[in-house]
Every structure is written in structure tokens, then in C-alpha cells.
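See below for the structure under consideration.
Derivation of every value follows stated rules applied to the coordinates shown; laboratory data play no part. Quick caveat, the model's predicted, so the values are computed rather than measured. Backbone-built Cβ (ideal geometry, glycine too); neighbour counts: all protein chains shown.
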Amino acid sequence: MPRAATYQDVWVRYIHFTWQHGDDWRTDIQSSVLHNLALKTALFILDDRSCVFIPLNELRHILAGVVCGENGAIPFNVNPHSKTVNENRVQMQVIRPQEKQSENRKMIEKLLDGL
């Protein structure tokens, strides 16, 4: 599983199915990523190749005050079905593998080719 990376103004995180619990996908983000205002969007790529886009400002707001782990990462849950982060509704675009005809298609294809 590739590590988190950035592509233009998008922070990209792959979430392996072992981190899926029901409809929630457990992940984390480094506090330095949240503080990097040049990054505008978080993209989570799930094992089924679904792509979940969340504006980083939404994550910054929802995760404000959440305690960092010893490694500097902030843990949280993403639920693409209810479009929530830690049970808080957020702006979220979910693109399933069969729906890859979006304005983000080129970026998605490039990222998925790296898997």
C-alpha cells in the first residue's frame, strides 16, 4: 500500500480494507498536513478503488481539537456512505470505480496507476 503523498494541491491517502469497520474507514492525517494551507483537498483511495474527496478546510474544522498521537498523526473515521467524518456531515464527493468519468479523471488515473 503506497504511503500518503501530495499531487498538486491534493493530499492523497490510501486506506486498506483492514481499516474498514462497517461503513467507516479508519485513517489518520499528520497535523503538518492540516496546517499546510497550500493543500486544498484530501483524496482517500479505498481498496475497491473508490475515491473520496473532502475539502481540507472541512477536515481542519472537524479535526480541530482532536489530540494527536505520539507520531503526530490525528486519527479519524471517514464514512463515504453517510458522507461523514467522525460522524459529522461534510462536503464529500465519492467516485466509485465505474464512475471515473469526472473532472478529476486524469488525476485519479495517474494515482491509481501507481498502485
For segment 57-71, take each phi angle, set θ = phi - 60°, evaluate the Karplus expression 6.51 cos²θ - 1.76 cosθ + 1.60, and give the result in whole Hz per residue in order, putting x for glycine and proline. 4, 5, 5, 4, 5, 5, 8, 4, x, 6, 6, 6, x, 4, 8
Find out how many positive minus negative residues lie around Asn88, taking Lys and Arg as positive, Asp and Glu as negative, among other residues whose Cβ is under 14 Å from that of Asn88. 0
Using DSSP, restrict attention to beta bridges with both residues in segment 5-105 and report what percent are antiparallel, rounded to the nearest 5. 80
Between Gln30 and Glu87, Cβ-based FRET efficiency (R0 25 Å, step 0.05) works out to 0.70
Amide proton proximity set for Tyr7, modelled H, under 5 Å, gap of 5+: Val12
